[in-house]
Amino acid sequence: MGVWQSYRLRLQRRRWRIRAFRKRRNLAPVANRTDQIRPSDLLLFSTARNEGVRLPYFLKYYREMGVNHFLIVDNDSTDGSLDWLASQPDVSVWHTRHSYKRARFGVDWLNWLQMKYAHGHWCLVVDPDELFLYPFCDTRPLRALTDWLDASSIKSFSAMLLDMYPKGRIDEEPYRAGQDPLEVAPWFDAGNYTITRNPRFGNLWIQGGPRSRVFFPEAPEKAPALNKIPLVKWDRRYAYVSSTHMLLPRGLNLVYDEWGGEKASGVLLHTKFLDTFTSKAEEELTRREHYGASKEYVAYAAGLKENPQLWCKWSERYINWRQLEILGLMSKGNWA
Amino acid sequence: MLIHTAFGRAEQVARHWTRAGCPVVIHTDVTVASKAYADFRERLSDDPLIRFSRRHRCEWGTWGLVAASQDASELMLAEFPDVRHVYLASGSCLPLRPVEELIDYLAERPRTDFIESATTSEVPWTVGGLDEERFTMRFPFSWRRHRTLFDRFVAFQRRVGYRRRIPRGLVPHMGSQWWCLTRQTLSAILQDPKRPTYDRYFRSVWIPDESYFQTLARLYSTNIESRSLTLSKFDFQGKPHIFYDDHLQLLRRSDCFVARKIWPRAQRLYDAFLGEAAAQNQAEPNPGKIDRIFAKAVDRRTRGRPGLYMQSRFPNWGWENGLTAGKYSVFHGFAELFEDFETWLARATDAQVHGHLFAPDRVHYAGGQTLVNGALSDSAAIRDANPRAFLTNLIWNTRGERQCFQFGPHDTPSVNWFTGRDPNAQISIVSGAWAVPLFRSNRDFADLRREAAALQKVEAKFLDELRSPDVKARIRIWSMAEFIEAPMEPLQVIVDEIGQKAQRRLTEAPRMADLAGFGQFLQNLKNQGMHPYLMGDFPVDPAPRRGATPAKKPYLIKR
């Protein structure tokens, strides 16, 4: 990479940070408990809109993993989840009515909060429908992973998005608040992911899975990106570029080994396809607040009307992280 | 005992040692805040067997660690005259067996020094290439804090050919820094009149804690057992592996006396090993299983799983360590030449035989399936967005089952180069066989001529690619004329090489398409100015008469 390109990326990073700084006015604190954050705490950042039904399990899952504090931006929920979040002892929550899209799908908001509160912390950036898995997550807390990453001088940790879906129609089995979403949607595609390298930011571009297979069979290049880097030892000079797909400075995107070895990596189980999805897809059709003019949702709505079955004979049923590691979806790297 | 962090755990372990009657001298890194240090001292002040030695700055790879061990050893030898063996441990070391067992073990070997010590030229342990040179260069810059200066200064010394003199009588040895020495050996090292010379020399050796005692022990010890009593595994960057709660059983079964490094929050490990003494056990330490697990981890980190492309493994060109996960076969022209080639091959080999996986309309999986292992789709668009990933995914998903597929000049061309480069591929080509479907089709001759010309051009390019010196696949090429002379012999070779079923002679031949008149067809093409040459020399047989003779039954010659 030449000096010129490096300089341009630096400018770009500064632009995102200035933008995040300006978007801070969008956010009104509802419950600010950030004074509780101790220097070694693990933080979780998220944006949510009408996710009331998912949040109880979401918080429980990450509390058990060892997250110490949650920082959540509520984008004008109407289902009472804001009040519920505000009443939780380890949650700081901000409210905004502003456009999700104009905050670059929430990235600006979270970049700002991270700039302000996450400096020097390990932080996870996940959506309420994403469950993070890492090697040995059934026997070792998240802190074991971050300590190991610190000892190995690794600053960012990759976790690919793995779409989970139910067997049968998506709206067949209702999801109850507090329930493990994997009870409803335990299936996934094991081996149809394709990878290309993004020369500009140095990250990998992963596509595939059931969304590509069912909704984009004729235009796979439009299928959503599945590469994510949700766990980063944050520094206030860092910035997410688009969702958690890539970061600047670009060294943080080098979460893969180029010389034949495997680095340690995890998986984000994406439990988007619950019964709540159909109504969400319809709402998005009118709201158009998602990426690429909600193109994804247009395709979903069309696809869902015809054939809302994502399950196929070759779908795998989720058992544990070791299964995903054997399938080659994640790796222990040299963590043993 | 050298500590710099996790004082709670260090206290626990120190008390564990003293409870069994072993005195402990603690060295605390000078960078620890004085308040924390004072607290720690205060907490342990009730224990008469614990002493604190003079504090040094212990940065990794520097002299401070040796100085700390020297001072602590001197204090130990002076204050506790009954001590016979001195064991160097750290705050993250954990005794796995009751201390009494270690005491007995050492009592049975009163003259033995347990210190891993090997000459530098004979071990491949060092990470980063500084093995011999760490003894002959100077290292004034910190590797941790001034990496660039460190590297540049090393490069500079290499360039000017700088070499220090090693003090007379010393033969550099290296090994694990966690040793257990007898009073005799240790005091000989510490009281040596030449110690100032040695100290001055080792002060600017790189990572002296792995070589100071290891080298000097060779001068004085009468009985060196070159292994460490501390179980300590290193990863490919040279940093120690860490033990967690889920290693409990593994550590129990290892029968090692002390393990490092333990994660300070591994509550279960500390509870299990510092709690009640287990049954007496005379076993020798046996870390074999742990060695294997960690060796595997290093292998996974450095070489990875062949044929896997994933979020944290995406090798550069040439570094794949196996382009694909398993062996597979590619057939050019066989399905065109034989009417039932796919079903025949499936019967003959038990392999998964696909049609044209890279056909322009869709992916022709075996048995007409629309999805296969791993939910791989049959959409041509998805496949062609990344044909290489499609193929590597298919081979990865079907590990353990041989895949065969047909390929030809109609198909996605970029695949040819990839399979050609792959040692796992077995490529068999009957060149020119694409003309058979043209010959048997019922289309205008002008169309046929145009298509034949196009297909011939594509196939000629394939063959060129497969003759490149970079090609690593197992390749066999026959011209069509050559092949139909004696088709069974090449087929037998191919099937034997696939080798799924027990080796035996083929009992059944695939049915060849009726080629009567094919020579004339080629001649017609030639007459039109298009010279088909890839199929070899076909005799122009007389044009078939109406109601052609029934196809000859294929036969096999049994030897």
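The values are calculated or read from the model by the stated rules, or taken from the named source; none is laboratory data. Quick caveat, the model's predicted, so the values are computed rather than measured. Every residue, glycine among them, receives a Cβ derived from its backbone with ideal geometry; neighbour counts consider all protein chains shown.
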_Scan of the stretch A:139-191 for residues that are surrounded by fewer than 21 Cβ atoms within 10 Å (Cβ to Cβ) and among the polar types (S, T, N, Q), ordered by number_ = A:Thr139, A:Ser152, A:Ser153, A:Ser156, A:Gln179
_Just to verify a result, which residue in the stretch B:392-406, among those that are touching a helix residue (DSSP H, G or I) at 6+ places or on another chain (Cβ under 7 Å) and not in a loop (DSSP other than H, G, I, E, B), is surrounded by the fewest Cβ atoms within 10 Å (Cβ to Cβ)?_
B:Asn397
*Check B:Gln237 against each of (1) under 23 Å from B:His173 (Cα atoms); (2) polar (S, T, N, Q); (3) more than 10 Å from chain A (Cβ to nearest Cβ) and name the one condition it does not meet.*
(3)
*asked:* Just checking: which of the strands (runs of 3 or more DSSP E) contained wholly in the stretch A:1-84 hold 1 or more residues that are of a type in the set (S, T, N, Q)?
replied: A:43-48, A:69-75
*Considering the stretch B:288-306 alone, what residues qualify as being at the interface with chain A (Cβ under 7 Å from one of its Cβ atoms) and either assigned to a helix (DSSP H, G or I) or touching a Cys at 6+ places or on another chain (Cβ under 9 Å) (or both)?*
B:Ile293, B:Phe294, B:Ala297, B:Val298, B:Arg300, B:Arg301, B:Thr302
_So B:Ala266 ticks every box in (1) more than 17 Å from B:Lys289 (Cβ to Cβ); (2) within 12 Å of chain A (Cβ to nearest Cβ); (3) surrounded by fewer than 20 Cβ atoms within 10 Å (Cβ to Cβ) but one. Which box is left unticked?_
(3)
*Yes or no: A:Phe132 touching a helix residue (DSSP H, G or I) at 6+ places or on another chain (Cβ under 6 Å), in a strand (DSSP E or B) and buried (at least 22 other Cβ atoms within 10 Å of the Cβ)?*
no
*Just one of B:Tyr309, B:Tyr328 is of a type in the set (Phe, Trp, Tyr), more than 7 Å from chain A (Cβ to nearest Cβ) and more than 30 Å from B:Pro98 (Cβ to Cβ); which is it?*
B:Tyr328
*Which ones in the stretch B:357-391 are within 23 Å of B:Val495 (Cα to Cα) and either surrounded by 18 or more Cβ atoms within 10 Å (Cβ to Cβ) or at the interface with chain A (Cβ under 9 Å from one of its Cβ atoms) (or both)?*
B:Leu357, B:Phe358, B:His364, B:Tyr365, B:Ala366, B:Leu391
*strands (runs of 3 or more DSSP E) contained entirely in the stretch B:1-97, each with at least 2 residues that are under 19 Å from B:Trp178 (Cα atoms)*: B:24-28, B:85-87
_Please go through the stretch A:273-292 and give me each residue that is part of a loop (DSSP other than H, G, I, E, B) and either within 15 Å of A:Arg49 (Cα to Cα) or modelled with pLDDT under 75 (or both), ordered by number._
A:Arg288, A:Glu289, A:His290
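So that you can scan it fast, the table gives a plain yes or no per residue for (1) at pLDDT below 90; (2) in the same structural domain as B:Ile475 (by TED's automatic domain parsing):
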residue	(1), (2)
B:Arg313	no, no
B:Asn321	yes, no
B:Gly333	no, yes
B:Gln352	no, yes
B:Ala375	no, yes
B:Ser379	no, yes
*Restricting the stretch A:234-283 to residues that are among the basic types (Lys, Arg) and away from chain B (no Cβ under 14 Å), which is nearest to A:Trp16 (Cα to Cα)?*
A:Arg237
_Would you confirm whether or not the stretch A:126-136 contains a residue that is more than 14 Å from chain B (Cβ to nearest Cβ), at positive phi and at pLDDT below 95?_
no
_Of the residues A:Asn227, A:Asn203, only one is polar (S, T, N, Q), at pLDDT 90 or above, farther than 30 Å from A:Gly52 by Cα and crowded, with 22+ Cβ neighbours inside 10 Å; which?_
A:Asn203
*asked:* Looking for something touching a residue at least 60 places away in the same chain (Cβ under 8 Å) and assigned to a loop (DSSP other than H, G, I, E, B) - is there at least one such residue anywhere in the stretch B:154-174?
replied: no
